[in-house]
Every structure is written in structure tokens, then in C-alpha cells.
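Presented below is the structure to which this report refers.
Every number in this text was worked out from the coordinates using simple rules, so none of it is lab data. The structure presented is a predicted model; accordingly, all values stated were derived computationally and were not measured. Here Cβ is always computed from backbone atoms with ideal geometry, including for glycine, and neighbour counts include all displayed protein chains.
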Amino acid sequence: MKLKADLHIHTVLSPCGDLEMSPSAIVAKAADIGLNIIGITDHNSTLNALVTRDIGLEKGILVLTGAEVTTKEEVHCLCFMPDDDSLAKFQSFIDSRLVFYPNDPSRFGFQVIVDKDENITGEVPHLLINAIDCSLSELQDKVSELKGIFIPAHVDRTNYSLSSQLGFIPDDLKFDALELSAYYEKNNFFGNFPWFSGYNYIRSSDAHFINDIGKVYTGMELEKAGFEYIRKALAGDSLNYLIK
């Protein structure tokens with residue numbers, strides 16, 4: 001079956017995420033515009049992922065739970081976990097590598113944890129957008145150990161990406177796919193970085209505001225909606241954004 005997936009969405013937990021980006025509002029918007037699968041990818045935290053997943057189940061939306069992690073090279077990576085136990089272990093790993101810097105909401109924005117009824121249940125005190133003390137290869141190894149999905153994010157961007165920070169894809173880096181932003185064609189990414197062609201790509205919104213959800217998405221041909229079926233699709237040749 002053909003499904004629409006936007007695998008890069010931030011909630012109110014990300015300091016750069018708009019305060020309208022509650023889990024319930026995100027799922028409602030996804031359902032309204034016909035998305036079937038979304039990924040919750042707050043910066044360096046998974047703490048709003050499970051509540052979004054549970055709301056998604058009620059609305060018929062499959063929610064991949066994970067985070068957008070910033071490595072010490074300042075490369076952003078989408079990391080998704082297959083189950084609650086792996087997600088908890090991944091959060092513990094992130095916490096063990098955090099470089100504590102207090103958040104200033106007046107400068108960076110609030111970082112709130114909410115429940116399904118949009119009640120604030122907590123606030124993260126340390127700034128989540130900083131790099132953690134973990135290399136790109138270490139992060140990939142950890143995601144692989146936990147049997148997760150690993151996708152270097154918006155590789156065409158001029159900051160926080162493989163192309164901006166490294167300029168190349170390391171030969172030993174293992175990933176399920178690479179991600180393109182909404183602007184890769186405008187930026188002539190493959191004209192400027194032709195050595196990035198030949199890989200499977202997804203395209204995602206990187207939404208921080210409600211109306212940005214699904215502005216671009218990836219079409220997936222899946223046998224069934226589920227984590228391992230998505231992994232199989234990422235490795236196959238039926239993605240909308242297969243770049244060869």
C-alpha cells in the first residue's frame with residue numbers, strides 16, 4: 001500500500017518549536033492533510049514521543065518515536081527506536097552525553113513536556129539544541145545496537161548537515177537513508193555535491209509550526225504499516241525520493 005510519511009516533526013519540547021506544536025495538534029494536522037506516518041524528532045530528547053504515538057494510535061496515524069540528535073561534529077541525525085524499551089535506553093544514552101547549559105526561554109524558547117490533553121507536565125531545564133558529547137560514528141553505533149533507524153538529517157542544508165560539516169559521507173557510516181530538506185532543488189544540491197547521489201533519500205518538512213507539517217513528505221510503498229516495514233522500504237527502490 002502507498003502511504004505518505006513526514007518523518008521530521010518537532011513538538012513544543014524543542015525550544016525552536018512553536019507552542020502550538022502539541023502532540024494532539026500535530027496528530028490532528030497530520031490526519032487532516034492525509035499523512036499516514038509521522039516521526040517525532042525533538043532536539044536531543046524523546047520525552048514527547050510516546051504521548052504523540054499514543055494519540056496517533058487513536059487517530060490511525062503511525063508515529064515513529066525518536067529524536068533529532070546533534071553530534072559533536074554538529075551534524076543533525078534522525079534516530080528512531082522500534083519499541084518503548086529501546087526508546088528509554090536511547091534517552092538514557094542521550095542524557096549520559098549531554099553537555100549541560102541552562103535554557104533561557106526568553107532567548108531560545110520553552111522546552112515543555114505535555115500530556116495528551118495539552119497539560120504541561122514538566123520542563124527540561126538544559127538547552128536541548130546544543131551538540132552532545134557523541135561523535136557521528138558513536139551515535140550510529142548506538143542506534144544500530146538498539147536496532148533503530150538512523151537517517152542523517154537535511155544533508156543539503158548549509159548548516160548542521162553532512163555536507164556543511166564534513167563535505168562528504170564517511171565510507172564507514174551506516175544509515176538507513178539520507179534526508180533532503182524542502183529546498184534541495186532550489187539549492188542545486190546534487191549539482192554542488194554530485195557525490196551525494198546514488199543513495200536512498202527521504203524528504204521531510206522539519207516542521208516547527210503547524211502549517212509546515214507535511215509541506216513535503218515521502219511516499220512509501222509498504223506491505224504493512226510498521227517499523228520493520230518502514231526500514232525495509234527505506235532500503236528498497238520504491239521511495240518517492242530515490243536518487244540515482
Quiz item: Which loop-located GluC sites (Glu not before Pro) does the stretch 188-242 contain, where loop means any DSSP state but H, G, I, E or B and the Cβ has at most 14 other Cβ atoms within 10 Å?
Solution: Glu223
Quiz item: So what is the diffusion coefficient of the stretch 102-244 in µm² per second by Stokes-Einstein at 20 °C and 1.002 mPa s, using a Kirkwood Rh over Cα pairs?
Solution: 123 µm²/s
Quiz item: If we sort 145-157, 198-210 on the protection proxy, mean other Cβ atoms within 10 Å, highest first, what's the order?
Solution: 145-157, 198-210
Quiz prompt | Cβ-based charge dipole, the chain, positive-most Cα from Ser106, Leu7, Gly66 | solution = Leu7
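Given the DSSP H assignment, sum -39500 (n - 2.57) over each helix run of at least 4 residues in the chain and divide by its residue total; what's the result at 222 nm in deg cm²/dmol, nearest 500? Spell out each step's value before the answer.
On the way: 8 runs with 67 residues, N = 244.
Helix contribution divided over all residues of the chain: -7500 deg cm²/dmol.
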Quiz item: Which three semi-axes in whole Å describe the equivalent ellipsoid of the stretch 2-235, each the square root of 5 times a Cα gyration tensor eigenvalue, listed largest first?
Solution: 24, 21, 17
Quiz prompt | Asp84 versus Asp54: modelled label distance in nm, points set 7 Å from Cα along the beta carbon direction | solution = 0.8 nm
Quiz item: Please state the relative contact order of the stretch 102-244 as a whole percent: Cα pairs under 8 Å, 6+ residues apart?
Solution: 16 percent
Exercise. For the stretch 64-134, run through the trypsin sites (Lys or Arg not before Pro) and keep only the ones in DSSP coil with at most 16 other Cβ atoms within 10 Å of their Cβ.
Key: Lys72, Lys116
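Using the Cα gyration tensor of the stretch 107-165, with a ≥ b ≥ c the square roots of its eigenvalues, what is the shape: rounded (a/c below 1.5), prolate (a/b larger than b/c) or oblate (neither)?
Values: a/c = 2.21, a/b = 1.55, b/c = 1.43.
Prolate.
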Quiz item: Which percent of Cα pairs goes in each bin when the distances of the stretch 178-244 are cut into 5 angstrom slices starting at zero?
Solution: 3, 16, 23, 22, 19, 12, 4, 0
